[in-house]
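As structure tokens, the structure follows; a few thoughts come after it.
The values are calculated or read from the model by the stated rules, or taken from the named source; none is laboratory data. Nothing here was measured: the structure is a model prediction, and the numbers come from that model. A quick note on method: Cβ atoms are made from the backbone with ideal geometry, for glycine too, and the neighbour counts reach across all protein chains shown.
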Amino acid sequence: MQFEETNSTNKQAMLAATQGHNENTWFVTKKQSAGKGRLGRDWQSLEDNLATSLLLQVELYPNKCAMLGFVAGVALIRALKGFDKEIEAKLKWPNDVLLNGAKLAGILLEMQPFKNGKQAIVIGFGVNVASAPTGLPYTATSLNEHGLDIDCKQLFMALSESFVQVFDVFMKNEHEIIKQWQQNAAGLGNEISIINNGITINGIFENIDETGRLIIKLANGEKQYISAGDMQLGATTNKRENNGE
């Protein structure tokens, strides 16, 4: 479904699901006035940037549903590499895409269970194609700033095709998707910080597990499994919250 303008493609997708729409459908808009990211944070949708959401209605275990955010990240990386194989795009746990270290895109996964056993799953993509917002607490960038001369329509078509391919692999072998995510992960094997509710955890980013939890190796050698939080590349002692997606 295509809109000239809407508040949020994620909201429109979930609304359609609750009203009985039972087909897997993409929702895309030229202008989004109230985009949102993880934890209810605002997402600025500038003109000529991509704002789209995919509604899936499938029967999956909750842990496997949670992995769909990683499927989305792998699909977006694959779509980008279709335009430029050498593009320096990386996946930042849990749901960001970085380009040369700056934020290019955010992915938002939302789920709603139904009585028939199915889940309405909405995967939202916000990609800075033409320009990046300014005045943020982190560095953002766009595809056009890095010389990738494509538009939203071209990226959407590539993304929709790559998602089908990656989702098919995921349904057959989810471990392959974890492997592909690892191959494109930002900070893997390096020192990172996880900030959650004002608490900072420093350690080495070892891996993600089969449910998407981040595995961090602490200074004492112990491993800690993280389900939620904001990841910072490198160590920090600041007890603060990141306002990124």
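Applying the criterion of being in contact with a helix residue (DSSP H, G or I) (Cβ under 6 Å, 6 or more places away or on another chain) and β-branched (Val, Ile, Thr) to the residues of region 151-180, the residue that is farthest from LEU46 (Cα to Cα) is VAL169.
Screening ALA120, ALA130 for residues that are more than 16 Å from the chain's Cα centre (by Cα) and in a strand (DSSP E or B) leaves exactly one candidate, ALA120. A count restricted to region 133-187 and to residues that are of a type in the set (D, E, K, R), assigned to a helix (DSSP H, G or I) and more than 22 Å from LEU214 (Cβ to Cβ) stands at 5.
Restricting attention to region 97-117, the residues being out of contact with any helix residue (DSSP H, G or I) (no Cβ under 7 Å at 6 or more places or on another chain), part of a strand (DSSP E or B) and within 17 Å of GLY73 (Cα to Cα) number 5. Considering region 188-212, and only residues there that are acidic (Asp, Glu) and in a strand (DSSP E or B), the residue that is farthest from LEU56 (Cα to Cα) turns out to be GLU191. Restricting attention to region 227-240, does a residue exist that is among the polar types (S, T, N, Q), closer than 18 Å to LEU91 by Cα, modelled with pLDDT under 95 and in a loop (DSSP other than H, G, I, E, B)? Checked against the condition, which is being among the polar types (S, T, N, Q), closer than 18 Å to LEU91 by Cα, modelled with pLDDT under 95 and in a loop (DSSP other than H, G, I, E, B), region 227-240 yields at least one hit. When the residues of region 64-121 are filtered to those that are of a type in the set (Phe, Trp, Tyr) and surrounded by fewer than 16 Cβ atoms within 10 Å (Cβ to Cβ), the one that is modelled with the highest pLDDT is PHE83.
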